[in-house]
């Protein structure tokens, strides 16, 4: 039996959305938000090479370099379409105990928050 739950006022945000030009998971790391026992995280390794550089940037170093270059999601998506992208991260839901239901992943902040609310509403990872 699936219990329908309300999400009003129970959502805890740990990382706010930066702005509408930086919603890709690329810009986020770690715990993003929580609803009861469901936690939205940005997970996975980032590995990219920027134009004009022979260096491969990883994780936070890649994010910092992208900010310095004034990149937005549009620029990151162009990188993903080339050989300059080795790895990227994603949003997923885990339980407070660390269990994961891999298969449902999101690539944008809004998709991740929507997925978190849906998992909670459906009673996935009930405490």
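Each value in this text was obtained by applying a stated rule to the coordinates, not by laboratory testing. Since the structure is predicted, the reported quantities are computational estimates derived from the model, not experimental observations. Cβ atoms come from the backbone with ideal geometry, glycine included; neighbour counts cover every protein chain shown.
Given the options 27, 61, 90, which has the most mean-square fluctuation in a GNM of the chain, springs set between C-alpha atoms less than 10 angstrom apart?
The residue that fluctuates most here is 61.
Against the longest alpha carbon principal axis of the chain, how many degrees, from 0 to 90 and to the nearest 10, is the axis of helix 59-68 turned?
That works out to roughly 60 degrees.
Can you sort 16, 116, 35 by how many other beta carbons sit within 10 Å, fewest first?
In increasing order of surrounding Cβ atoms, one gets 16, 35, 116.
Grab the DSSP H runs of the chain that are 4 residues or longer, score each as -39,500 (n - 2.57), total them, divide by all residues and round the 222 nm result to the nearest 500 deg cm²/dmol.
The per-residue figure over the chain is -7000 deg cm²/dmol.
With volume of the Cα convex hull per residue in Å³ as the read-out, I listed (1) 168; (2) 295; (3) 107; which label goes with the value calculated from this structure?
Step by step, volume of the Cα convex hull per residue in Å³ for this structure corresponds to label (3).
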